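Please see the structure below; I have some questions.
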Amino acid sequence: MDEKMTQTAASVSIDARAEICQALNQSVAETVVTTMLAQNFHWNVTGMAFGPLHEMFQKIYEDHFEAQDELAERIKALGGHANGKLSEMVAASKVAEHDGHADDKTMISTLADAQRTVAATLAGAAAIAEAHGDLLTQDLCIERGQTHEKFAWLLSAHLG
Ligand SMILES: [Fe+2]
């Protein structure tokens with residue numbers, strides 16, 4: 001069957017599924033690290049904008065926590081293994097961990113950069129899914145990528 005035809009999970013070839021699942025596991029890893037980054041900043045942010053920043057960081061980590069699950073469960077729908085090992089996720093992630101010691105502006109710019117990084121990873125995953133005709137995975141990755149770019153804007157708007 002032509003790889004580029006529209007495919008559902010069951011009809012995507014085994015090799016294509018492995019490639020898509022690898023891209024999805026990378027997306028999960030970066031989403032997980034960014035979840036913790038946002039919650040870490042939610043806890044440790046200080047300054048006159050404490051209230052709204054504390055709230056915004058919470059909105060972000062709550063969104064990301066649900067997204068981890070959606071992405072990982074898409075891997076399962078494709079018959080793959082969802083890698084939930086934290087040490088491997090941190091090692092694979094292009095978003096780095098943070099110790100939470102930073103001023104509010106540094107937290108905002110660090111988290112905005114993380115959003116752009118995850119958006120790029122998801123755009124790459126969407127392209128891999130598209131190349132194999134897996135439009136349903138492509139749609140999920142596009143939706144998540146758009147959400148991360150929205151958060152990048154929300155965060156960056158604070159910095160003028
Ligand atoms: Fe809290």
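Test Met89 against the stated conditions and say whether it is hydrophobic (A, V, I, L, M, F, W, C) and farther than 18 Å from Ala29 by Cα.
No.
Kindly provide the set of residues from the stretch 95-108 that are surrounded by fewer than 15 Cβ atoms within 10 Å (Cβ to Cβ) and part of a helix (DSSP H, G or I), ordered by number.
Scanning the stretch 95-108 gives Lys105, Thr106.
What are the residue pairs meeting all of these: first residue in the stretch 49-63, first residue surrounded by fewer than 19 Cβ atoms within 10 Å (Cβ to Cβ), second residue hydrophobic (A, V, I, L, M, F, W, C) and not in a helix (DSSP H, G or I), Cβ atoms under 7 Å, and 6 or more apart or on different chains?
His54/Val45
Taking the stretch 129-160, which residues are hydrophobic (A, V, I, L, M, F, W, C), more than 12 Å from the chain's Cα centre (by Cα) and surrounded by 20 or more Cβ atoms within 10 Å (Cβ to Cβ)?
Ala129, Leu155
Since every read-out is calculated from the coordinates, none of them should be taken as a lab result. Computed from a prediction, not measured in an experiment: that's the story for all the values here. When we count neighbours, we look across all protein chains shown, and the Cβ atoms used for this are built from the backbone with ideal geometry, even at glycine.
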